[in-house]
1. I'd like the full set of residues that are of a type in the set (D, E, K, R) and either over 23 Å from A:Ser39 (Cβ atoms) or in contact with an Asp or Glu (Cβ under 9 Å, 6 or more places away or on another chain) (or both), limited to region A:123-147.
2. Return the residue satisfying two criteria in turn: it lies in region A:176-188 and is within 16 Å of DNA strand C (Cβ to nearest atom) and in a helix (DSSP H, G or I), and of such residues it is surrounded by the fewest Cβ atoms within 10 Å (Cβ to Cβ).
3. Can you name the number of the only condition in (1) more than 28 Å from A:Asn192 (Cα to Cα); (2) within 16 Å of DNA strand C (Cβ to nearest atom); (3) within 14 Å of the chain's Cα centre (by Cα) that A:Ala50 fails?
4. Tell me, which helices (runs of 4 or more DSSP H) lie completely within region A:57-175 with 2 or more residues that are within 13 Å of DNA strand C (Cβ to nearest atom)?
5. So which of A:Gly138, A:Gly143 ends up being surrounded by fewer than 16 Cβ atoms within 10 Å (Cβ to Cβ) and closer than 22 Å to A:Ser197 by Cβ?
6. Quick check on A:Asn64: is it among the polar types (S, T, N, Q) and loosely packed, with under 15 Cβ neighbours inside 10 Å?
7. Collect the residues in region A:199-218 that are acidic (Asp, Glu) and either surrounded by fewer than 18 Cβ atoms within 10 Å (Cβ to Cβ) or assigned by TED's automatic domain parsing to the domain that holds A:Leu151 (or both), keeping them in residue-number order.
8. Quick one: is A:Tyr153 of a type in the set (Phe, Trp, Tyr) and more than 30 Å from A:Arg79 (Cβ to Cβ)?
Amino acid sequence: MTTPKGTASGKIETPFEIYTGFEILFKRWGARHWWPGDSQLEIVAGALLAQATNWQNARKAVSNLKEAGLLADTVDSFRKMCRIRKEKLEILLRPSGYYRQKAKRLKALMDFLGKELGSPPWEIPVADTKAWRNKLLGLNGLGPETVDSILLYGFNLPCFVIDAYTRRILARHGMCEEKTSYDELQEIFTKNLPERSELYNEYHALIVRLGKEYCRSNPSCDGCPLARGS
DNA sequence: GACCAGGCACATC
DNA sequence: GATGTGCATGGT
């Protein structure tokens with residue numbers, strides 16, 4: 001293993017331009033077409049179920065919900081989702097891990113969205129993005145990453161998602177510290193990109209693609225496409 | 001059997 | 001406010 005650009009800790013000391021970074025990744029892997037899902041409700045639920053687990057496990061729980069007829073964007077399906085007993089929901093969510101917490105959180109989220117917006121499909125005006133972000137952050141079990149994922153992928157609103165991969169990649173390129181807050185990391189992207197949900201969507205998906213290949217199993221970051229001069 | 005994976009809340013200091 | 005811990009499954 002060679003470490004041409006990385007240090008012993010795998011840190012690359014050359015920051016990359018935020019928009020250029022997108023262009024490089026997009027050129028390499030193209031559109032990722034996130035978030036996978038047949039309905040808006042599936043995307044919203046999936047964002048919550050993907051918390052602290054791999055997508056494979058989250059997808060199993062999503063499939064269980066679909067098979068139970070709970071994830072269609074229809075009045076009947078949504079009513080069923082809102083009325084399902086917590087114990088039954090827990091069984092369906094088991095594969096995604098933390099299933100008791102997630103059942104409680106999902107019910108609370110569905111109740112809230114139902115009261116505020118009725119049955120899906122839902123729409124939120126772009127002008128209300130910030131207000132809705134704050135509303136959702138007030139719900140139990142919804143932190144910034146989950147809320148931004150819901151708003152970006154479920155509602156096509158311009159909220160840049162910061163996840164573990166994003167933090168790791170910025171840190172390795174010397175662009176943030178361990179303790180840099182979520183909001184500060186988000187600003188690094190939003191201040192350097194046009195405010196467009198499609199762009200945020202693809203960029204985050206590409207970062208996850210990058211993270212899986214160059215951060216997880218490659219601590220020296222060999223060949224990272226974002227390294228200057230690579 | 002240990003470790004990790006697209007978080008978050010809560011207790012404690 | 002910073003840090004530690006609980007929540008849990010499934011793949012490698």
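1. In the first step, residues of region A:123-147 are kept if they are of a type in the set (D, E, K, R); the result is A:123, A:128, A:130, A:133, A:135, A:145.
A:Lys130, A:Arg133, A:Lys135, A:Glu145 - these are the residues of region A:123-147 that are of a type in the set (D, E, K, R) and either over 23 Å from A:Ser39 (Cβ atoms) or in contact with an Asp or Glu (Cβ under 9 Å, 6 or more places away or on another chain) (or both).
2. Quick first cut of region A:176-188, residues within 16 Å of DNA strand C (Cβ to nearest atom) only: A:176-185.
Add one more test, that the residue is in a helix (DSSP H, G or I), and what stays is A:182-185.
Details: A:Tyr182: 15, A:Asp183: 10, A:Glu184: 12, A:Leu185: 20.
Looking at residues that are within 16 Å of DNA strand C (Cβ to nearest atom) and in a helix (DSSP H, G or I), I get A:Asp183.
3. Only one criterion is unmet by A:Ala50, namely (1).
4. Values: elements: A:75-83, A:86-93, A:99-117, A:129-137, A:144-149, A:164-172.
Because the criterion is at least 2 residues that are within 13 Å of DNA strand C (Cβ to nearest atom), the helices (runs of 4 or more DSSP H) in region A:57-175 that meet it are A:86-93, A:99-117.
5. Working: A:Gly138 fails: closer than 22 Å to A:Ser197 by Cβ.
Just one listed residue meets the conditions, A:Gly143.
6. Values: among the polar types (S, T, N, Q): yes; loosely packed, with under 15 Cβ neighbours inside 10 Å: no.
Taking the combined requirement at face value, the residue does not satisfy it.
7. Start the filter on region A:199-218 by keeping residues that are acidic (Asp, Glu), which leaves A:202, A:213.
Listed by number, the list holds a single entry, A:Glu213.
8. Working: of a type in the set (Phe, Trp, Tyr): yes; more than 30 Å from A:Arg79 (Cβ to Cβ): no.
Judged against the criteria, A:Tyr153 is not a match.
The values are calculated or read from the model by the stated rules, or taken from the named source; none is laboratory data. Here the structure is a predicted model, which is why all the values come from computation and not from measurement. Every residue, glycine among them, receives a Cβ derived from its backbone with ideal geometry; neighbour counts consider all protein chains shown.
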